[in-house]
Amino acid sequence: MQLEIEQKFPLANPAQTRRRLEELGLEFATPVRQVDTYFAHPARDFAQTDEALRIRQVGDANAITYKGPKLDATTKTRRELELPIAPGVVAATQFAELLGLLGFCPVGIVSKDRQVAHLQRGGMAIEVCWDEIHELGVFLELEIVAAVSQADAARGLLAQLAQQLELEVSERRSYLELLLAKSA
């Protein structure tokens, strides 16, 4: 089983962080718009179980993603299962309708512009995501997908990289949780 080991940082000074990333030789891909529609389960409270279910649209591509509960107190280490859905707006809309017929209710939409770069450290691939979240600001996500047996090493690599980039306070709440808290 693979785990997603992630740390996310709100950026108080995005220009400074961007310079540090460029000093590491990172080259970010062209930004892509991601629109995530999150759903509530009809029989259990995902806020209580620390789970998530979303449909992600990136251009014409669609996917349904389940995120399991966080497994530690410092990172967002969790099981993630993502499956493609047929491409196009119609397919995403129909899949959302299917979830509605099964009792799932949409709870929020997170729209972001994401740029991705990759870095190799300690024999692991680190995905570095520069996220501009509509209504929230700029965040940097550091993520490694690793086997359960490599989770501690992956956490250590993320902590080292965060320290090198002078990122201090990580945010464990999801973008959806942050948006819901802001609107409350």
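Of everything in region 128-158 that's over 21 Å from E27 (Cβ atoms) and without any contact (Cβ under 8 Å) to a residue 40 or more places away in the chain, which residue is surrounded by the most Cβ atoms within 10 Å (Cβ to Cβ)?
Q150
Filter region 3-23 down to the residues that are surrounded by 13 or more Cβ atoms within 10 Å (Cβ to Cβ) and farther than 16 Å from K112 by Cβ, then identify the one that is farthest from the chain's Cα centre (by Cα).
Applying the filter and picking the extreme gives R20.
Among what's in region 27-39 and is within 12 Å of R114 (Cα to Cα) and β-branched (V, I, T), pick the residue that is surrounded by the most Cβ atoms within 10 Å (Cβ to Cβ).
V35
Just checking, how many residues over region 8-19 are at pLDDT below 95 and in contact with a helix residue (DSSP H, G or I) (Cβ under 9 Å, 6 or more places away or on another chain)?
Total meeting the criteria: 0.
Taking region 165-176, which residues are in a helix (DSSP H, G or I) and touching a helix residue (DSSP H, G or I) at 6+ places or on another chain (Cβ under 8 Å)?
Matches in region 165-176: none.
Is one or more of the residues making up region 146-156 in a strand (DSSP E or B), in contact with a helix residue (DSSP H, G or I) (Cβ under 9 Å, 6 or more places away or on another chain) and at pLDDT 95 or above?
no
Residue under question is A117, and the condition is that it be assigned to a loop (DSSP other than H, G, I, E, B), under 25 Å from T17 (Cβ atoms) and not acidic (D, E); does it hold?
no
List every residue pair whose Cβ atoms sit under 8 Å apart, with the two residues 6 or more apart in sequence or on different chains, where the first one lies in region 5-17 and is closer than 15 Å to K67 by Cβ and the second, anywhere, is part of a strand (DSSP E or B) and β-branched (V, I, T).
Cβ pairs passing all conditions: I5/I144; I5/V145; E6/I144.
Residues that are at pLDDT 95 or above and small (G, A, S): does region 112-120 have at least one?
yes
Go through region 40-64 and give me each residue that's among the polar types (S, T, N, Q) and crowded, with 16+ Cβ neighbours inside 10 Å.
Q57, N62
Does L167 qualify as being in contact (Cβ under 8 Å) with a residue 24 or more places away in the chain, of a type outside the set (S, T, Y) and in contact with a strand residue (DSSP E or B) (Cβ under 7 Å, 6 or more places away or on another chain)?
Yes: the conditions hold for L167.
The values are calculated or read from the model by the stated rules, or taken from the named source; none is laboratory data. Given the structure is predicted, the values throughout are model-derived calculations rather than measurements. A quick note on method: Cβ atoms are made from the backbone with ideal geometry, for glycine too, and the neighbour counts reach across all protein chains shown.
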